[in-house]
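Participant: Let me begin by handing over the structure; questions about it come next.
The values are calculated or read from the model by the stated rules, or taken from the named source; none is laboratory data. Values in this document were obtained by computation on a predicted structure and should not be read as measured data. Glycine gets a Cβ as well: all are built from the backbone with ideal geometry, and neighbour counts include every protein chain shown. Surface accessibility is based on the protein's heavy atoms, side chains included, excluding ligands, DNA and RNA. Shrake-Rupley method; radii C 1.70, N 1.55, O 1.52, S 1.80 Å.
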Amino acid sequence: MTYTEILIRAILAVVLLLFIPKILGKQTISNMTFHDFVTSITLGSLAANLAFNVSLKASYLVLALVVFTATAFLLSFLALKNRKMRSWISGSPTVLIEDGKIMENNMKKIRYTLDSLDQSLREKGIFNIEQVDYAVLEDNGEVSILKKEAYQFVTKKDMGIPLRAQDFPVELIMDGVLVEDNLKLHGLTREWLESELGKKRKGKTLADVFYAVKGTQQQLVFDFYEDGIRQPLDQE
C-alpha cells in the first residue's frame, strides 16, 4: 500500500508543480527575483514532502500548496499594481559602477564582492573594468552593463548601411514533423515547401528534413537527418 500511495502522491506533486507556474506566470521561472526564489524553494519543499513524506497527510500538503500559491499570486498582483510594494517584495536594482567608478558602499550593503563583479563582467565578455561606464545588479541577480562609448559596438545605423525589414522566424518542420499550424497561419502549403526544398536540394523530400525554418529575411533553412559529415568532431 505504501508504494502505491507514494506513486499516487508523486504523480500528484508533479502535476501540481506543472500547474502552479501557469498560475504564477512565467516570471517565476525566467526573472527569479527574491520573491520568486523564496516561492520556488518553498513550493519545491512542499511538493517533495507531498511525494515522499507519508507521515504527513497528503490533504494537508495539498492545502499548504494551494495557500502558498494563492499568497504568492496575491503578492505578485500587489507588486504589479503598486511600485512601493514591488520594491519591497521583489527588491530594487543596485548600482555597482557609476561613471566608471566602483560604488564600494553599495556593494558592502548588499554583500557583493569584487570577485563576483569581475565574474559577472567576464560573463558579458568584458575583461577590462575600464571599459565599463555603468553596471547595475538587477533584481534577478544578473548584472546589466553599459560600456563606455569608445568600447561600444558599431551598428548598421552608425555606418549608414541600408536596413531591411525583418520578420519573426517561422518553424515549418520540427523533429521531422510538419508544423501544420504555422503553415496555415502564414498562408503556406506542403506543396510549396516541397517545391522550395526541391530547388535547394535535388532528390530530397520532406521525410529527409529534421528541421526547417523560414528566417528573418524570408530565407528558407533546412537541416537534414543525414548531415554528410564523415568525421564529426563530437558524437554521443
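Participant: Is there any pair linking a residue in segment 53-81 that is closer than 19 Å to Leu18 by Cα and open to solvent by less than 60 Å² (accessible area, probe 1.4 Å) to one that is part of a loop (DSSP other than H, G, I, E, B) and not basic (Lys, Arg), with Cβ under 9 Å and at least six apart or on different chains, and which?
Facilitator: As it stands, the answer is Leu61/Asn53; Ser76/Gly25, since those pairs meet every condition given.
Participant: Within segment 96-125, how many residues turn out to be farther than 14 Å from Leu146 by Cβ, touching a residue at least 12 places away in the same chain (Cβ under 8 Å) and either touching a Pro at 6+ places or on another chain (Cβ under 9 Å) or not in a helix (DSSP H, G or I) (or both)?
Facilitator: 3
Participant: Could you list, ordered by first residue, the pairs with Cβ atoms under 7 Å in which the first is in segment 134-163 and modelled with pLDDT of 90 or more and the second is charged (D, E, K, R) and open to solvent by less than 90 Å² (accessible area, probe 1.4 Å), at least 6 apart or interchain?
Facilitator: Tyr134/Glu98; Ser144/Glu138; Leu146/Asp133; Lys147/Asp133; Lys148/Asp133
Participant: Going through segment 42-52 one residue at a time, which ones are among the small types (Gly, Ala, Ser) and surrounded by 14 or more Cβ atoms within 10 Å (Cβ to Cβ)? Explain how you work it out, then say what you get.
Facilitator: So the first thing to find is which residues in segment 42-52 are among the small types (Gly, Ala, Ser), and the list is 44-45, 47-48, 51.
Scanning segment 42-52 gives Ala47, Ala48, Ala51.
Participant: Would you please list the contacts, defined by Cβ atoms under 7 Å and residues six or more apart or on different chains, that run from a residue in segment 204-233 that is polar (S, T, N, Q) to a residue that is open to solvent by 70 Å² or more (accessible area, probe 1.4 Å)?
Facilitator: Close Cβ pairs (under 7 Å, with a partner that is open to solvent by 70 Å² or more (accessible area, probe 1.4 Å)) amount to Thr216/Gln166; Thr216/Asp167; Gln217/Arg164; Gln217/Gln166; Gln218/Asp167.
Participant: Going residue by residue through segment 45-52, is there one that turns out to be within 21 Å of the chain's Cα centre (by Cα) and at negative phi? Explain how you work it out, then say what you get.
Facilitator: Step one: filter segment 45-52 for residues within 21 Å of the chain's Cα centre (by Cα), giving none.
No, that holds for no residue.
Participant: Still on this structure: Report yes if Leu188 is closer than 22 Å to Asp167 by Cα, part of a helix (DSSP H, G or I) and either within 30 Å of the chain's Cα centre (by Cα) or modelled with pLDDT under 90 (or both), otherwise no. I'd like the intermediate steps shown before the answer.
Facilitator: On the way: closer than 22 Å to Asp167 by Cα: yes; part of a helix (DSSP H, G or I): no; either within 30 Å of the chain's Cα centre (by Cα) or modelled with pLDDT under 90 (or both): yes.
No.
Participant: Answer yes if at least one residue in segment 91-99 is over 23 Å from the mean Cα position of the chain (by Cα) and either modelled with pLDDT under 90 or open to solvent by 70 Å² or more (accessible area, probe 1.4 Å) (or both), and no otherwise. Can you show your working first?
Facilitator: Of segment 91-99, the ones over 23 Å from the mean Cα position of the chain (by Cα) are 95-99.
With either modelled with pLDDT under 90 or open to solvent by 70 Å² or more (accessible area, probe 1.4 Å) (or both) added as a condition, the list becomes 98-99.
Yes, segment 91-99 has at least one match.
Participant: Additional query: I'd like the full set of residues that are assigned to a loop (DSSP other than H, G, I, E, B), more than 22 Å from the chain's Cα centre (by Cα) and polar (S, T, N, Q), limited to segment 126-178. Give the steps one after another, and end with the answer.
Facilitator: So in segment 126-178, the residues assigned to a loop (DSSP other than H, G, I, E, B) come out as 126-128, 138-142, 148, 152-155, 160-169, 175-176.
In the following step, the residues that additionally are more than 22 Å from the chain's Cα centre (by Cα) were identified as 126-128, 148, 152-155, 160-166, 176.
Once the filter is applied, which keeps residues that are assigned to a loop (DSSP other than H, G, I, E, B), more than 22 Å from the chain's Cα centre (by Cα) and polar (S, T, N, Q), segment 126-178 yields Asn128, Gln152, Thr155, Gln166.
Participant: Ser59: part of a helix (DSSP H, G or I), out of contact with any helix residue (DSSP H, G or I) (no Cβ under 8 Å at 6 or more places or on another chain) and either among the polar types (S, T, N, Q) or closer than 30 Å to Leu117 by Cβ (or both), yes or no?
Facilitator: On the way: part of a helix (DSSP H, G or I): yes; out of contact with any helix residue (DSSP H, G or I) (no Cβ under 8 Å at 6 or more places or on another chain): yes; either among the polar types (S, T, N, Q) or closer than 30 Å to Leu117 by Cβ (or both): yes.
In short, yes.
Participant: A follow-up question, please. Any chance you could count how many residues in segment 199-222 are surrounded by 12 or more Cβ atoms within 10 Å (Cβ to Cβ) and either at pLDDT 90 or above or in contact with a helix residue (DSSP H, G or I) (Cβ under 7 Å, 6 or more places away or on another chain) (or both)?
Facilitator: 14
Participant: Taking the residues in segment 1-34 that are more than 26 Å from the chain's Cα centre (by Cα), over 14 Å from Ala48 (Cβ atoms) and open to solvent by less than 80 Å² (accessible area, probe 1.4 Å) as candidates, determine which candidate is modelled with the highest pLDDT.
Facilitator: Thr4
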